[in-house]
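The values are calculated or read from the model by the stated rules, or taken from the named source; none is laboratory data. None of the values given here were measured: they were computed from a predicted structure. Cβ sites come from the backbone with ideal geometry, for glycine too, and all protein chains shown count toward neighbours. When the accessible area is computed, the model is the full protein with side chains, heavy atoms only, and any ligands, DNA or RNA have been set aside. Shrake-Rupley method; radii C 1.70, N 1.55, O 1.52, S 1.80 Å.
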Amino acid sequence: MEQRWANTSRLTINEKQFIEEALRSEIRVDGRRLYDYRRLTIKFGRYRCLPRATILSCKCYHLRFSLFCCNCREDGSSEVQLGETHVMAFVTGQLLQPYRDRPNEGTLAIFTEFSPMADPSFEPGRPGEAAIELGRVIDRGLRESRAVDMESLCVVAGKSVWAIRVDLHIIDNGGNLIDAANIAALAALSTFRRPECSVGGDDNQEIIVHDPEVRDPIPLTIHHFPIAVTFAFFHEGNTLVIDPHYKEEAVSGVRMTVTVNSNGDVCAIQKAGGEGILSGDVMRCLRIASLKASEMTTKIKEAVETYNAEVALKKVKRHPSLIAQKITVPDVEMKEASFQKTKELSADMENSPNQTSTSLTTTKDKDTNASIGRPLNWDPYSSSAPAIVSSSTLPELVGTSKDANEDQMMQTDEEYDPNLKKDQIASATGVSSGIHKQNSPPKSLKDAVKPKHKRKKNAERGAR
Amino acid sequence: MDVDTGNMTQTNLVDKVVVPGDVVLDLTKMENQTIKLGSGLRQDCDYISVMQAGKLRLSKPNKYWVESSQKRYVPRLEDTVLGIVVEHRSDNFLVDIKAPNLAFLPVLAFEGGTRRNIPKFETGTLIYARVVKANGIMNPELSCTDASGKAAEFGQLKNGYMFETSTGLARMLLSSPTCPVLEALGNKISFETAVGLNGRVWVNASSPDDVILVSNAIMRSEFLSGTQQRIMAEKLLERLQKS
């Protein structure tokens, strides 16, 4: 028991008295004024560096798809620092059945996790009261104010809608978790992109989720930004401060959170703590909060725009011919389409069906041992057996050329297949002299990508 | 163990950052010398190696130690610390000193302390005390008297404001000659401070403004050099028009 005592953080009588005394003269312990926020930093897309193995929490509709959606993991995550408080938010989407009473609306769910490293009083395991309260306040502000458009998330009414899940992780508790978490959730939702999907297939009931490389993922429609502003009351409601930090929260005991948007609409109000406050104070808080909300909305929007601009800039650098080449998306539904397309490509290839099926089935393995670039997935019966191997880089190139179709999709993301990327560069610079010898191969994208070599490749490409 | 660097009679790692495992001295090369080892160093047969990451310091002629800074405190004998009373048991107070265990402060460990005049400390009282017993396993023990039994400024600290820092900053504040930031502030403001080696600092001044100014200046001075500290303190004072 003493061990537990040794770990909690404590407040001395001196601090309590001092904080209240300082507030009488309207100064706060860190030098802020009463209605000042601490410094706010918003960062995005920190999810990039996770290894693929751990990314599969995004249980997208299609298994194949999920392995490729590493791209979208950069979107929809934000990291917010408000003074010392540090919160991260992750937004993920999944196709699920809608609620029975709302068959044509998507769903939004908020989950909070209070990491034990954030505060000595946070215990691992089931969320405690504070965690549930935080989740509930933010949920009310976002969902019940209809900030995120739910109807646009419907794919097939009654059967399949997008379920958006926001995970909030508290990394460091420096006070005022609600505001910080709210900002993090809004920032993450603004940068989240969901894959585009269309209804098609044989009976017009199948849902095809398009790969982000094929069709750009779509952002969520956010109508307005509900900003949570937290007030702490002292001296029996006479003094109130905005954005209380850890010690002020401990001293005050009465907290009120007001969620408003920049239009002045009140989305949610929540008061916690023992003492009562006057209704006049509540109105005062609402007025102050709407001012703060517009400031905060501008800040968030600026940060989101800067991030979007960066992302757009990165996209431009992609190799231009790649964009046109996403033919064999190895979805089960797409098999037909891809089959046809590859048929076109390798019109002169006798065993093209053989080819495609092997390449389709083997892509799965390819994924798991990606970037090795060995000539795995060789179809021994294929006439494209690349016997002509003159340079040392060839084995890789050869092995991957067959699966070039599938691999192309992964190539844009550097982390995936550095070898493939090398292929890309190598082929682009026309280094691989041996490639052109494989005539038979699936009109490989390699050919398309290397304009330098082989007129006949170009001619064939023209014929496509 | 790697023995190429720093293995001479005069180690060249003084004032440099060292990490656990670094070998500081090779005893086989030194004969008939007495070396005093401070914290963070250990004798491993023939080598003196580092146990804690930090800066290696030498006090001529032969005292070596490693200066490190942490947020948690490891109790050592004769350290003066600031503790917060957690509970009052029959024969000692339980005091939190940012150590892995709670410390015991015997109820009689005060100047002229008898069973009749036991001080009444409630939970949350700030105490300035001295560590009299500290080993790794047991709860450390404190005392509010100095070695000769006099009060010597130990005891409860009233009013003022307390904040937490790292142990490195606390040591810097206690160094002599006076830490530049305290000197710069002291030129313009009159205040009193109590620094605990466990990373707690208490500041008191006549007005809350001054207290806040001093505490913020101290918190910001951790990674600044002497001149930078002085400049920072002066800028802060100027901004609040104290000069």
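Once you average over the residues of A:14-24, how many Cβ atoms of partner chains fall within 10 Å of each Cβ?
Numbers: counts 14, 8, 1, 4, 10, 2, 0, 5, 6, 1, 1.
Per residue, the number of nearby Cβ atoms from other chains is 5 on average.
Averaging the Cα positions of each part gives two centres, and for region B:78-126 and region B:160-206 these lie 23 Å apart.
In terms of the ratio Rg/(2.2 N^0.38 Å) built on C-alpha atoms, what value belongs to region A:111-233? List each step's numbers first, then the result.
Details: Rg = 17.8 Å, N = 123, 2.2 N^0.38 = 13.7 Å.
Ratio of Rg to 2.2 N^0.38 Å for region A:111-233: 1.30.
Evaluated at 4 °C with a viscosity of 1.567 mPa s, what Stokes-Einstein diffusion coefficient in µm²/s does chain B have when Rh comes from the Kirkwood expression over alpha-carbon pairs?
Working: Rh = 20.1 Å.
This corresponds to a translational diffusion coefficient of 65 µm²/s.
Averaged over residues, the count of other Cβ atoms within 10 Å places the peptides A:113-121, A:75-83, B:108-116, B:153-161 in the sequence A:75-83, B:153-161, A:113-121, B:108-116, highest first. Label-to-label distance for B:Thr28 and B:Arg42 is 2.1 nm, based on points extended 7 Å past Cα in the beta-carbon direction. On region B:100-204, 50 percent of the accessible area sits on carbon and sulfur atoms, based on a 1.4 Å probe. Here the spin labels are modelled as points 7 Å beyond Cα on the Cα-Cβ line, and at B:Arg89 and A:Lys301 they lie 6.1 nm apart. Among the listed pairs A:Lys247/B:Lys16; A:Lys247/A:Lys292; B:Lys158/B:Lys235; A:Lys271/B:Lys98; A:Lys16/B:Lys98, those with a Cα-Cα distance over 28 Å are A:Lys247/B:Lys16; B:Lys158/B:Lys235; A:Lys271/B:Lys98.
Peptides B:170-176, B:56-62 ranked from most to least packed by the mean count of surrounding Cβ atoms within 10 Å: B:170-176, B:56-62.
Find the all-direction average of the projected area of the Cα convex hull for region B:36-75, expressing the result in square nanometres with one decimal place.
Values: hull surface 13.0 nm².
Across all orientations, region B:36-75 yields a mean hull projection of 3.3 nm².
Ordering A:166-173, A:231-238 by mean Cβ neighbour count within 10 Å, with the highest value first, yields A:166-173, A:231-238. Chain A against chain B buries an accessible area of about 2000 Å², both chains summed, 1.4 Å probe radius.
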